[in-house]
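**Student:** Quick one: the structure is below, questions incoming.
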Amino acid sequence: MNLLLSTYCDMILGTKTGNWQGNASVSKFLYLISIIEAIDYQHLTKNEIYIEDTSLRKRFGQLYEQYYGNSKGYSAQFYVRPFYHLGSSEYYHLVWKNDDRPQLTVHTPSEKYLREYLLYAKFDDELWEILQDAESREYIRRNIITRFLIKR
C-alpha cells in the first residue's frame, strides 16, 4: 500500500466528529462517501466541490436516510453542515471568493451565505490524485464504513 494513501486514510479516519443527540455525528463521513461515489461515476472530474451540486446533495440525502432512517439529509441545513465543517480538517479546504466577507455570527453559515461568498471546496491536491485511482477510493471508502457506519 502506498504510504501517501495510508497517511490520507488515517487523516480521514481522524476527522473530528460533531455531536448529534448525544452521539457522534457521521454526516462528514456520509458526505465523503458521496464525494467518492461522485468520482466513481465521473460526476466529479475536477477538484472543485460546489455547494450547488444537486447530484452530490441528493446522494448525501440518500445515504443520510439509509443511516439515520429519516429524510433530513436532503435539506440544505443538513447538507451545509458537513460541506462547511469538514473545512476544519487538514485535507479539505474552503476556497473563498475573497477575504472581504461578513463575519459569521452563527456556528454554521446558511447555504445563501456560502453561495454568495464561497467559490468551492477542494481536497489537498495529493489526496485528489489518490482519489483518481479506483482501488484507493475503495480502500478509503471501506475504512470509513468499517470505522464509522457499521452500527454495532
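**Student:** Quick test for you: out of 44, 63, pick the one residue that is in a helix (DSSP H, G or I) and crowded, with 16+ Cβ neighbours inside 10 Å.
**Tutor:** Details: 44 fails: in a helix (DSSP H, G or I).
Only one candidate passes the filter, namely 63.
**Student:** Related question: For the range 72-81, state whether one or more residues are closer than 22 Å to residue 24 by Cβ and among the charged types (D, E, K, R).
**Tutor:** Within the range 72-81, the first condition is being closer than 22 Å to residue 24 by Cβ, and the residues that meet it are 72-75, 77-81.
Now narrow it down to the ones that are among the charged types (D, E, K, R): 72, 81.
Within the range 72-81 (the criterion being closer than 22 Å to residue 24 by Cβ and among the charged types (D, E, K, R)), the answer is yes, since at least one residue qualifies.
**Student:** Taking the range 1-24 as the search range and keeping residues that are among the aliphatic types (A, V, I, L, M) and assigned to a helix (DSSP H, G or I), which one is surrounded by the most Cβ atoms within 10 Å (Cβ to Cβ)? Reasoning before the result, please.
**Tutor:** Within the range 1-24, the subset among the aliphatic types (A, V, I, L, M) is 1, 3-5, 11-13, 24.
Among the residues that remain, those that are also assigned to a helix (DSSP H, G or I) are: 3-5, 11-13.
Details: 3: 7, 4: 13, 5: 18, 11: 15, 12: 23, 13: 14.
Going through the qualifying residues, I end up with 12.
**Student:** Does the range 47-60 hold any residues that are out of contact with any strand residue (DSSP E or B) (no Cβ under 7 Å at 6 or more places or on another chain) and loosely packed, with under 15 Cβ neighbours inside 10 Å, and which are they?
**Tutor:** 52, 54, 55, 58
**Student:** Please determine whether any residue of the range 70-80 is assigned to a loop (DSSP other than H, G, I, E, B), touching a residue at least 12 places away in the same chain (Cβ under 8 Å) and more than 22 Å from residue 148 (Cβ to Cβ).
**Tutor:** no
**Student:** Could you list all residues from the range 84-130 that are part of a loop (DSSP other than H, G, I, E, B), in contact with a strand residue (DSSP E or B) (Cβ under 7 Å, 6 or more places away or on another chain) and either surrounded by 15 or more Cβ atoms within 10 Å (Cβ to Cβ) or in contact (Cβ under 8 Å) with a residue 24 or more places away in the chain (or both)?
**Tutor:** Just the residues of the range 84-130 that are part of a loop (DSSP other than H, G, I, E, B), to begin with: 89-91, 97-110, 124.
Next, from what is left, pick out any that are in contact with a strand residue (DSSP E or B) (Cβ under 7 Å, 6 or more places away or on another chain): 91, 97.
Hit for the range 84-130 is 91, nothing else.
Only the coordinates and a few stated rules stand behind these numbers; no lab work does. From a predicted model like this one, the values you see are computed outputs, not experimental measurements. So basically every Cβ, Gly included, is an ideal-geometry build from the backbone, and we count neighbours across all protein chains shown.
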